[in-house]
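Working notes, structure below.
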């Protein structure tokens, strides 16, 4: 089993602690979303896992070994950290051929990943002519080149069009389904919710959460039920009599907290109150994430000050 294991990992830059005694594992067979505000330490952690920086203390290993000790590392770990890493004067195909040659990867694999990334038709164009989305696809092709059991991607959806975003989502699910270890850093909450099984959340270099995504949401967002009746006042009285916290909007729609749809349905039926709408309002990853990280944002905007005329 090839996992990523981070243990008591710490990294300091000139007295500033970017990663602070961080411990977590990324396991095979699932996509782990790596979240946190700007400056939380996500990119630094990925660089430490890949041996691009040396930790101040602690360890980051892949399959129990440091990245620097891996033989033919592209066969073990595929990574995308910077879409601009490919030399602009090379063609995409030549860029991948050079990577393949240094890791004893068959050249036929170059054409396979170009096709898989959807850039085979432009493979002989120089990289400097590529859009950001095309560079992202090339970076992902490079990450897949060695058919590795471990894949790390930093903001892989950046610059992709809607078709590309769907492609990366399906790719991540497929890689996890094949039993690979997949770690994906992203700022796009809705997108992360579409592919992640597990979440690792950082704040100011510290671990804030390491949970299955559904557990993470349910732990931080109170369940809600939307309900509307022909008699909004009677509905409000019914909810209040049974101690249900609820708020009414201007259109007569009530939002009840910490209850299930069945609970409201049974109460309304027993009281003979007609119901026009009754539905669960699912908590979102964005809501849960913002609730957790509200105090951990290093860079933020100040509240707008409204002045009296």
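In terms of overall dimensions, the C-alpha atoms belonging to the range 100-149 reach 28, 21, 18 Å along their principal axes, ordered largest to smallest.
The shape of the range 59-145 comes out prolate: with a ≥ b ≥ c from the C-alpha gyration tensor, a/c is at least 1.5 and a/b beats b/c. Fully extending the segment from residue 260 to residue 102 would add 51.1 nm, taking 0.36 nm per residue of separation and subtracting the current Cα-Cα distance.
Shown is the FRET efficiency for residue 188 and residue 52, computed with R0 = 22 Å from the Cβ-Cβ distance and rounded to the nearest 0.05: 0.35. Taking a ≥ b ≥ c as the square roots of the Cα gyration tensor eigenvalues, with a/c under 1.5 meaning rounded and otherwise prolate when a/b beats b/c, else oblate, which class fits the range 1-46? The shape class here is oblate.
With helices as the sole contributors, the chain gives -10000 deg cm²/dmol at 222 nm; each DSSP H run of n ≥ 4 counts as -39500 (n - 2.57), and the sum is divided by every residue. Compute the Cα gyration tensor for the range 222-280, then decide on rounded, prolate or oblate, letting a ≥ b ≥ c be the square roots of its eigenvalues: rounded whenever a/c is under 1.5, prolate when a/b is larger than b/c in the other cases, and oblate in all that remain. Here the range 222-280 falls in the rounded category. Residues considered: 116, 163, 250. Largest GNM mean-square fluctuation over the chain, using C-alpha springs under 10 Å, is found at 250. Between the Cα long axis of helix 232-241 and the first principal axis of the chain there is an angle of about 90°, rounded to the nearest 10. Note the angle between two axes, namely the Cα long axis of helix 132-144 and the longest principal axis of the Cα atoms of the chain, as a number of degrees from 0 to 90, rounded to the nearest 10. Approximately 70 degrees, to the nearest ten. Relative to the longest principal axis of the Cα atoms of the chain, the long axis of helix 92-102 makes an angle of roughly 70 degrees.
Answer with a single label: of [x] 22.1; [y] 20.5; [z] 21.5, which was calculated as Kirkwood radius over Cα pairs in Å from the structure in view? Answer by label: [x]. Computed over the Cα atoms of the range 158-229, pair by distinct pair, the Kirkwood hydrodynamic radius stands at 14.4 angstrom.
Between 294, 240, 83, the residue with the greatest mean-square fluctuation in the GNM of the chain (Cα pairs under 10 Å linked by springs) is 240.
Read the figures in this text as sums done on the coordinates, not as results from a lab. Because the structure is a prediction, the values reported are computed rather than measured. Heads up, the Cβs are rebuilt from the backbone with ideal geometry, glycines too, and the neighbour counts pull from every protein chain shown.
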